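Structure first, commentary second.
The values are calculated or read from the model by the stated rules, or taken from the named source; none is laboratory data. None of these values were measured; they are calculated from a predicted model. Here the Cβ is made from the backbone with ideal geometry for all residues, glycine too, and neighbour counts use every protein chain on show. Ligands, DNA and RNA are stripped out before the accessible areas are found, and what is left, the full protein with its side chains, is counted by its heavy atoms. Shrake-Rupley method; radii C 1.70, N 1.55, O 1.52, S 1.80 Å.
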Amino acid sequence: AAKGKGGNQYYIYDKSLSEKQMEALILINQLRNAVDHDELTLFYQPIMNTSTGNIVGVEALLRWYQPGHGMIGPNTFIPLAEETDLIISIGKWVFRNVCAQIKDWIHRGYDVKRVYINVSAKQFQEKGFLESILQALKEAELPPKYIGIEITETVIIQDIDHTIELIKKLKDIGISISIDDFGTGYSNFNYLKEMGVDEIKIDRSFIAETTKNSKKRAITKTIILLAHQLDIAVTAEGVETKEQLEFLRESSCSKIQGFYYSRPVPPEEFEKFLNHHIR
Ligand code: C2E
Ligand code: MG
Ligand code: MG
Ligand code: MG
């Protein structure tokens, strides 16, 4: 609710809020159609080994191609989808689509190692989540080792018992678990280790500061060191410059991802990238 600052201001605040809500409603309806009308698409961004420069994986990132509006990024529509059940059907679409894509790549001789898929809290907590992944894998006749799941720290601290159980089941079948945007939440290493997390992805905000801010540099170095001592892998997100890459190399960060190597690109363009790097 608005603070009691006087009737006029209250009115303006209230009105703009409802306008925002209207826009959100419209967007949600359009998004509902998007799922049915094939307007969703996936871009792929390579994850590289810091020392060898080889591809060690790839992250699938959702895009919405809305006719008349062009390409819309997930930050615009994922939060809205999360407020409704739409995130569940979108999530299922993503898993089906990624599995089919990997199968096609394997079939055509591309070695993509592992594809990392972002999963929202609501998806992760939904009862049929594991079942829907198994279904998507089965449809594509794909071994689970090709899939990695990215969740955030907020997801793992929400329903601890459920999370531990689900992570164990996912890992038992060969799916890896990464903590996305690491450093922005409240989890600790002890916790992550006990939960069986395979990897942390250090948030872009840390990487951006490493070459400017000596404190951020020290924190990043320490995170990497601690993770490795616990046998947790580390990917640095949002690597844009050679300077950042060099710092991460020095700090023994094993994997990096960012515009320095490639932006997220459509599958055909990603294949070109693969051709240059491993064939
Ligand atoms: P994320 O999982 O942390 O993904 C990384 C984001 O950073 C992506 O934004 C990517 O394009 C961007 N990025 C990568 N390298 C760089 C860089 O060097 N510099 C900068 N400035 N940015 C870089 P994008 O694609 O807009 O995705 C935003 C977020 O949307 C993702 O953050 C993820 O949380 C969510 N998301 C994306 N796809 C899905 C999906 O299929 N399902 C769900 N539930 N969430 C998704
Ligand atoms: Mg991610
Ligand atoms: Mg991230
Ligand atoms: Mg994220």
Please find, among Glu268, Glu243, Glu199, the residue that is over 28 Å from Gly109 (Cα atoms) and not aliphatic (A, V, I, L, M). Glu243
Sort out which residues of the stretch 168-181 are open to solvent by less than 10 Å² (accessible area, probe 1.4 Å) and more than 19 Å from Pro46 (Cα to Cα), and write them in order of number. Leu170
So how many residues does the stretch 115-167 have that are open to solvent by 30 Å² or more (accessible area, probe 1.4 Å) and more than 23 Å from Lys103 (Cα to Cα)? 14
Can we say Lys138 is out of contact with any helix residue (DSSP H, G or I) (no Cβ under 8 Å at 6 or more places or on another chain), part of a helix (DSSP H, G or I) and free of Cβ contacts under 8 Å to residues at least 12 places away in the same chain? yes
With the requirement that a residue be modelled with pLDDT of 95 or more, more than 16 Å from ligand 4 (Cβ to nearest atom) and acidic (Asp, Glu), what does the stretch 33-75 give you? Glu39
Could you list all residues from the stretch 42-60 that are touching a Leu at 6+ places or on another chain (Cβ under 9 Å) and among the small types (Gly, Ala, Ser)? Ala60
Do we find that Glu131 is modelled with pLDDT of 95 or more, away from ligand 4 (no atom under 16 Å from the Cβ) and over 28 Å from Ile55 (Cβ atoms) in this structure? yes
For Gly258, work out the one condition from (1) on the phi < 0 side of the Ramachandran plot; (2) within 16 Å of ligand 2 (Cβ to nearest atom) it doesn't fulfil. (1)
Test: residue in the stretch 101-116 that is under 20 Å from the mean Cα position of the chain (by Cα), within 16 Å of ligand 2 (Cβ to nearest atom), closer than 23 Å to His37 by Cβ and assigned to a helix (DSSP H, G or I): no
Hey, among the residues in the stretch 256-269 that are of a type in the set (Phe, Trp, Tyr) and more than 17 Å from the chain's Cα centre (by Cα), which one's least open to solvent (accessible area, probe 1.4 Å)? Tyr261
Scope the stretch 226-255; condition part of a helix (DSSP H, G or I), under 20 Å from Val56 (Cβ atoms) and open to solvent by 20 Å² or more (accessible area, probe 1.4 Å); matching residues: His228, Lys242, Glu246, Arg249, Glu250
Residue check: is Ile207 crowded, with 21+ Cβ neighbours inside 10 Å, under 20 Å from Lys242 (Cα atoms), within 16 Å of ligand 3 (Cβ to nearest atom) and in contact (Cβ under 8 Å) with a residue 12 or more places away in the chain? yes
In this structure, does Asp198 turn out to be within 16 Å of ligand 2 (Cβ to nearest atom) and open to solvent by less than 80 Å² (accessible area, probe 1.4 Å)? yes
